[in-house]
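A short reminder: the numbers here are calculations on the coordinates, not readings from a lab. Note that the coordinates shown come from a computational prediction; the quantities given were computed from them, not determined experimentally. Using ideal geometry, Cβ is built from the backbone for each residue, glycine included, and neighbour counts are taken over all protein chains shown.
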Amino acid sequence: EDKLLMCLQLYCKCARVFLKAGRYQKYFIANQFAALLALQLKAVQLHLAASLQEHAAAEAARQEEEAETGGGVPQVDPRQLGGKLDPSFLASLKLDGMFGDKQTFRDQRDQDEDDTAAPSESVRDEDDSDEVALAKDTSAVGPDLPAPRQSLTPASPLPGARPMREADRTVPDLGPAGDQFVVINLTAEEVLAFAQYHRDFIASMTVVSAYESIHGAVVQSVWPMALYQQVVVHGHLTYLRRFLARKPLSRQHCEEIVQQYKSDSAGATPQREANMKAFLRESVPNLEMRLLLAKKLGAAFEDIASDAMYWN
């Protein structure tokens, strides 16, 4: 987006320089490429907004799913830990149904305290002497030492715990939000395909006009195919009206559209037939030309021919 903005500013500055210098042809070309970049910039912004919306919806759905399943908090049965919990800790829990009577835990706790009572003075002196000797003998640090007491915290996830997903560690990529809209750095074939299948005439005309200075007048030959695709096949009469408001429709263009209609492998459906009649009525004001085209299309267009003969 930043690069597109920078290029757009450069083309606008170039257009002003060409205008001051009297280079009007260069001025128009610079304006056409500036319009092309503005179109691409708007498409990027719309694509980013749609992607952010999809990502927010997916994140909200994930949070709702986690809330329904307990928020991912592990529901662990202490009996699954293999008796590693301290009975004194269990005695402090009010879990009568799972662990039995609370008095049993209190008795067990008192018994554990008696077993671990303070040793006698003689035993304590022996332990102190052993500790002093061990501190003086540094070579005792080695494999003969007892292994350190292991932590009660299990290394593996607790039973029932939800493992951390990769999406929790990194920010997920934004979704595609549909096909990407690209109108810069196009070849002549890509320009023709874009103009033929894009339903907005203003955007198509912006792209074709900008690339005409690069690929030549061949890109302007797309309009008969574009009109047939958008008006006759899809019935977009707004496309036709915008086209007629900006470009003249020649007799050659009309004949190419009629020929495309007759040779279309999909066949003449009732909807396409109605769209073709609407095309002839709105785009061919010359009655003689409309009569000629209606006769070429066959018996299904006798009403168009009759109207043309009547008004002629």
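Computed from label points 7 Å out along Cα-Cβ, the spacing between Gln220 and Ala21 is 2.5 nm.
Taking the Cβ of Phe301 as the center, what net charge do the other residues with Cβ under 14 Å away carry, scoring Lys and Arg +1 and Asp and Glu -1?
Counting the neighbours of Phe301, the net charge comes to +3.
Computed from label points 7 Å out along Cα-Cβ, the spacing between Ser306 and Ala193 is 4.5 nm. Viscosity 1.567 mPa s, temperature 4 °C: give me the Stokes-Einstein translational D for region 176-287 in µm²/s, with Rh taken as the Kirkwood radius over C-alpha pairs. Translational D for this selection: 88 µm²/s.
Treating r as the C-beta distance of Asp264 and Asp2 and R0 as 41 Å, the FRET efficiency rounds to 0.35.
Taking 41 Å as R0, compute the FRET efficiency from the Cβ-Cβ separation of Glu288 and Glu64 and round it to 0.05.
Efficiency, rounded to the nearest 0.05: 0.05.
Could you list, in their original order, any pairs among Lys247/Lys277; Lys26/Lys247; Lys3/Lys42; Lys247/Lys295; Lys262/Lys295 whose Cα atoms are separated by more than 24 Å? Mind showing how you got there, number by number?
Values: Lys247/Lys277 20 Å; Lys26/Lys247 22 Å; Lys3/Lys42 13 Å; Lys247/Lys295 26 Å; Lys262/Lys295 12 Å.
From Lys247/Lys277; Lys26/Lys247; Lys3/Lys42; Lys247/Lys295; Lys262/Lys295, over 24 Å: Lys247/Lys295.
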